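*Asks:* Right, I'll just put the structure down here and ask away after.
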Amino acid sequence: MEITEHIDALRREGTLLAEAAARTDLAAPVPTCPDWSLNDLVRHVGNVHRWAAAYPSQGLPAPLDEDGRRTVIGPAPSDAALLDWFREGHAALVDALTRAPADVECWSFLPSPSPLAFWARRQAHETAVHRADADAAAGAEGPRVDTALALDGIDELLGGFVASSRSRLRSERTRTIGVRTTDGPGSWQLTITQEPPTVGTGGAAEPADLILTGPAHDLYLLLWNRLPVGPAQVELDGDEALLELWRTSAVIG
């Protein structure tokens, strides 16, 4: 996906998140984030948007310390002002990414063609996944994540977070998980050992200990641990115990 497409997705998903929150009691629990209320969720995403906007807009070369984070996030809003505060931060992030020059230099933390490409992609998926959380709190499924965005998000999750040295996904013996989409050109092969996992793409015919097959939207939410497995969503073929290993170890903070 292009940077402009990620920014468009960020704009759309943030708007949908705010709409879901506006029609729901902010004290409602978030089933997909068991320790959070909807209030907690909206504050979290609003804080992340303000934190993320600071990097491309200010060209920050290193991660902010706690004092720096507090400065760019600003004072916490009251419950009554929460949704307006969220919308302001979301709009400011979209504006910062739109205005930033393509060659802006700033800190980022996953492999990417450029810092701007990283922040646009990361915030599109940060917002899309948490929009699903807001829908869960509202008790109503929202619009499906666009197939292109879902495919891109699976790729970011597997190739960026899960394959990093900080990943906690490990196995004493070599295990493999295949991910196959039914509505787009997406195929990944994840190899889990005692070292950081490795990820290959394009091996749709490769055998694996567990193969997950389904629409990109459903695989996206399943792999982000936002979707229970059911026959109408994702087909499982192989050792389903690997899915439990995934759920307990492939957790992104």
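The values are calculated or read from the model by the stated rules, or taken from the named source; none is laboratory data. For clarity, every value in this text was computed on a predicted model and none was experimentally measured. All Cβ positions, even for glycine, are placed from backbone atoms using ideal geometry, and neighbour counts span all protein chains on display. What goes into the accessible areas is simple: the full protein's heavy atoms, side chains included, and nothing from ligands, DNA or RNA. Shrake-Rupley method; radii C 1.70, N 1.55, O 1.52, S 1.80 Å.
*Asks:* Normalised by the residues of the chain, what does the relative contact order come to in percent, with Cα pairs under 8 Å and at least six apart?
*Replies:* 19 percent
*Asks:* Compute the acute angle (0 to 90°) between the alpha-carbon long axis of helix 147-156 and the principal axis of greatest extent of the alpha-carbon atoms of the chain; round to the nearest 10°.
*Replies:* So the inclination is approximately 80 degrees.
*Asks:* A further question on this structure: Does anyone have the angle between helix 115-138 and the longest principal axis of the chain? Alpha-carbon axes, 0 to 90°, nearest 10?
*Replies:* 90 degrees
*Asks:* OK, next. Can you tell me the Rg and the Dmax, both Å, for the Cα atoms in the chain?
*Replies:* Spelled out, the Cα radius of gyration and Dmax of the chain are 18.3, 53 Å.
*Asks:* Tell me the angle of helix 82-99 to the major Cα principal axis of the chain, expressed in degrees between 0 and 90 and rounded to the nearest ten.
*Replies:* Once rounded, the angle reads 80 degrees.
*Asks:* Looking at the chain as a GNM with Cα springs under 10 Å, which of Leu17, Leu83, Leu93 has the largest mean-square fluctuation?
*Replies:* Leu83
*Asks:* Describe numerically, in nm with one decimal, the distance between label points set 7 Å from Cα along Cα→Cβ at Thr248 and at Ser165.
*Replies:* My value for the distance between the label points is 2.7 nm.
*Asks:* Another question, then. For the stretch 1-101, what does the alpha-carbon gyration tensor say about shape, rounded, prolate or oblate, given a ≥ b ≥ c as the root eigenvalues, a/c under 1.5 as rounded, and a/b over b/c as prolate?
*Replies:* Cα axes put the stretch 1-101 in the oblate bin.
*Asks:* Can you tell which of Asp67, Asp79, Asp35 shows the greatest fluctuation in a Gaussian network model of the chain with Cα springs below 10 Å?
*Replies:* It is Asp67.
*Asks:* While we're here: Cβ under 13 Å from Leu243's Cβ, Leu243 left aside: what net charge do those residues give with Lys, Arg +1 and Asp, Glu -1?
*Replies:* Taking every Cβ under 13 Å from that of Leu243, the sum is -4.
*Asks:* Could you tell me what percent of the DSSP beta bridges with both partners in the chain are antiparallel, to the nearest 5?
*Replies:* 75 percent
*Asks:* Before rounding to the nearest 500, sum -39500 (n - 2.57) across all DSSP H runs of length at least 4 in the chain and divide by the residue total; then give [θ] at 222 nm in deg cm²/dmol.
*Replies:* -15000 deg cm²/dmol
*Asks:* Quick one: with all protein chains in place, what share of the accessible area of the chain is carbon or sulfur, to the nearest percent (1.4 Å probe)?
*Replies:* Carbon-and-sulfur percentage of accessible area, whole number: 52.
*Asks:* Shifting gears a bit: Please work out whether the stretch 158-222 counts as rounded, prolate or oblate from its C-alpha gyration tensor, where a ≥ b ≥ c are the square roots of the eigenvalues and a/c under 1.5 means rounded, while otherwise a/b larger than b/c means prolate and anything else oblate?
*Replies:* prolate
*Asks:* Please give the Cα centre distance for the stretch 135-211 versus the stretch 95-111, rounded to the nearest Å.
*Replies:* 26 Å
*Asks:* Please compute the per residue accessible area over the chain with all protein chains in place, 1.4 Å probe, rounded to a whole number of Å².
*Replies:* 47 Å²
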